[in-house]
Amino acid sequence: MNNSPASRIDELVRDLNYHAHRYYVLNAPEISDAEYDRRYRELEALEQQHPELIKEESPTRRVGAPPLDAFESVAHRIPMLSLDNAMSEEELVEFDERTKRFLEKSDLSLPSEIEYTVEHKFDGVALSLLYREGYLERALTRGDGVNGEDVTTNVRTIKSIPLRLPEEGAYPYLEIRGEVVFLKSDFEALNEKRVARGDDPFANPRNAASGSLRQLDSSITARRPLTFFAYGFGDSEAVSLPGENLADMKFISELGFRVSPFLQSVKGGKGLVEAFRQAEDEREQLPFEVDGLVVKVNDASLREELGTKQRSPRWAIAAKFAAVEENTKLLDIVLQVGRTGALTPVAVLEPVQVGGVVVSRATLHNEQEIRRKDLRIGDTVIVRRQGDVIPAVVAHVPSARDGSEKEFVFPESCPVCGATAEKPEGEAVARCPNPKCGAKIVQRIIHFVSRNALDVQGLGEKVVELLVDEGLVSDLSDLFHLEKEKIASLPRMGELSTQNLLEALEKAKHVSLAKFLFALGIRHVGERTARIIAEHAGTIDNVLKLTEEELLELPEVGPEIAGSFASFLANEEERELLVRLIDCGFQFQAPEAKASDSLAGKVFVLTGTLEELSRGDAKKLVESHGGKVSSSVSKKTDFVVAGEKAGSKLTKAEELGVAVLSESDFLSMVKER
Ligand code: IVH
């Protein structure tokens, strides 16, 4: 084996890019964040010692460019067109008819129904990526469609955009077009942070994406988790693309880009309408915002025949979903108490249908936000659904005022327990300081048992409120001492639901340490941070011993998180609660232990009949050393383990020059490690 720094750097860059693709594009990580970080730091150290060996596509090169004075304006080689809109199902059917009529004038032989591809219309910022010889050279915004802004340094920080394409994409010049978006969850987390810091929240994920992409200092963009979805090719040289749009998109996804998960082909107007209805139904479940479907004629020759009009092609249309903004009346503003005591003003609205859902409440974030939008009780307001179905009040309608509107006075005490609210210097949010406040307890329990935390089925908000109101539960640990008769005595809790709840609580004790730490609802400790801390500590006993200094050493853990976690551990009441919880009999499930990472980044294919090992065991063995098992042989395969009667995979491995191991070769290879 070649152990030179150059080959190790090469190996690490490939390995880290592979894992970043698994994480950011495929959403299927194979290694822990801590392990990724360890390898990243090894690469960083090696690059520092050997700057001449730094590779263009190294993940460390995503950040570190000096801030710009302005963005350079650059002409698009092919203008970035826009799309015509279809605002209803009828208009979608008309599009199909119009397309057919146009094509019937040509002498092309037409199928009885035209085939279209459908994919999401992303509600983000359009972007063109230029790859030269397979390397990302330049990224341009759409601008006015003719000239765009050069945002390359910012775009390099977006992890779902490959800095280097695999061999198949290393054309002299290749342009990929798509949309930069903020995932709903990332958007909500960003706004929460901004509000806590006293900054204005972004109105919607699109504004957040646009604002983040147009930062002159790319280190700011790097801290904003943007995501890129590709939707097509732009200008390309010497490229033979499949041509059919569906195949083109498949090729794009093989180059390492995320594409719309809805992508499929359908036939005729009827097919379009069915797809549209399905997409609209599924829209809320998506992790990102879409405002419709984009329909494209699948066949390249038909697209060519159809051509383009002034600003938009004839072969595509955007089918827009129903509006997500409506006007309604602001009836009142009430305070909601969160699990950390945050007092959040909530708008009580005259119920209104927004994009198919009735909205009657919307968060107003904090007092400053109400002042900024100058919201008064009685105002007519614009309500928009954004993020994860979360409705927001965008603005008031000045022309609708008649003078009867009333200003909102922020109460000085907690609306639930009456304690005087506190607002520390420099913070935008007022809080209830009372640890025994009933509302805080309810919120804390709701978080504790929620899906991404302990995931206790059958313990919804209403039941939690009842349990607390009836005095059956006054902290998290009480949940595990609930008596059957007491639960069954609650309204609407039959015998079966009581039994199910008790079983669900029992099951919840077998949660992972990471989920448990997240479930505790410690300020600033989200799922990812909880996982990093759990991976580091390993056991709950070690968690109890963690110090602020030790926490600060962990990847992605800054002073805010470390401070918050450490003061949680130092707080006597919280510590006692933790001990009471542990005494309830939690058995934390460890993530699968790894024997080593010696096969990290290596891809194995198993074929033929193995003698000593079952296929399953062999797979486990590879994975326990950090390797990966794939089902088909390609250039990316490192080893093929061939047993008896190995067939086409062995032949393919030989053709491609992939190393072939016998079962005993494989076993001794693993044993040596
Ligand atoms: S295809 C010829 N596909 O919508 C134009 N556009 O008005 C080809 N957009 O700003 C565009 N999602 O950035 C296409 N799946 C998708 C899209 C999409 C969003 C944006 C695009 C453009 C606007 C078109």
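Quick notes on this one:
- In the range 202-284, counting only helices (runs of 4 or more DSSP H) that sit wholly within it, the ones holding 3 or more residues that are open to solvent by 10 Å² or more (accessible area, probe 1.4 Å), closer than 29 Å to E113 by Cα and away from the ligand (no atom under 14 Å from the Cβ) span 245-254, 268-282.
- Any hit, the range 443-462, residues being open to solvent by 60 Å² or more (accessible area, probe 1.4 Å), more than 28 Å from V511 (Cα to Cα) and outside any loop (DSSP other than H, G, I, E, B): no
- The residues of the range 1-34 that are β-branched (V, I, T) and not in a helix (DSSP H, G or I), listed by number, are V25, I31.
- Restricting the range 285-298 to residues that are part of a loop (DSSP other than H, G, I, E, B) and out of contact with any Asp or Glu (no Cβ under 6 Å at 6 or more places or on another chain), the residue that is nearest to the ligand (Cβ to nearest atom): F288
- Scope the range 333-365; condition closer than 20 Å to E192 by Cβ, open to solvent by 30 Å² or more (accessible area, probe 1.4 Å), out of contact with any Gly (no Cβ under 9 Å at 6 or more places or on another chain) and assigned to a loop (DSSP other than H, G, I, E, B); matching residues: H365
- Here the range 315-332 is the region considered, the condition is being in a strand (DSSP E or B) and either of a type in the set (S, T, Y) or within 13 Å of the ligand (Cβ to nearest atom) (or both), and the residue that is farthest from the chain's Cα centre (by Cα) is T328.
- Here T308 qualifies as touching a residue at least 60 places away in the same chain (Cβ under 8 Å), open to solvent by 50 Å² or more (accessible area, probe 1.4 Å) and in contact with a Leu (Cβ under 8 Å, 6 or more places away or on another chain).
- Of the strands (runs of 3 or more DSSP E) contained entirely in the range 72-145, those carrying at least 3 residues that are within 16 Å of the ligand (Cβ to nearest atom) fall at 115-122, 125-132, 135-141.
- Among the strands (runs of 3 or more DSSP E) confined to the range 563-672, there are none with at least 1 residues that are within 30 Å of S477 (Cα to Cα) and β-branched (V, I, T).
- Restricting the range 20-45 to residues that are surrounded by 16 or more Cβ atoms within 10 Å (Cβ to Cβ) and free of Cβ contacts under 8 Å to residues at least 60 places away in the same chain, the residue that is farthest from the chain's Cα centre (by Cα): L43
- Tally of residues being part of a helix (DSSP H, G or I) and either open to solvent by 60 Å² or more (accessible area, probe 1.4 Å) or farther than 17 Å from V579 by Cα (or both) across the range 515-533: 8
- Against the list (1) within 16 Å of the ligand (Cβ to nearest atom); (2) of a type in the set (S, T, N, Q); (3) free of Cβ contacts under 8 Å to residues at least 60 places away in the same chain, the condition Q48 fails is (1).
- K55 vs. criteria out of contact with any Phe, Trp or Tyr (no Cβ under 7 Å at 6 or more places or on another chain) and open to solvent by less than 60 Å² (accessible area, probe 1.4 Å): yes
The values are calculated or read from the model by the stated rules, or taken from the named source; none is laboratory data. Because the structure is predicted, anything quoted here is derived from the model rather than measured. Every residue, glycine among them, receives a Cβ derived from its backbone with ideal geometry; neighbour counts consider all protein chains shown. What goes into the accessible areas is simple: the full protein's heavy atoms, side chains included, and nothing from ligands, DNA or RNA. Shrake-Rupley method; radii C 1.70, N 1.55, O 1.52, S 1.80 Å.
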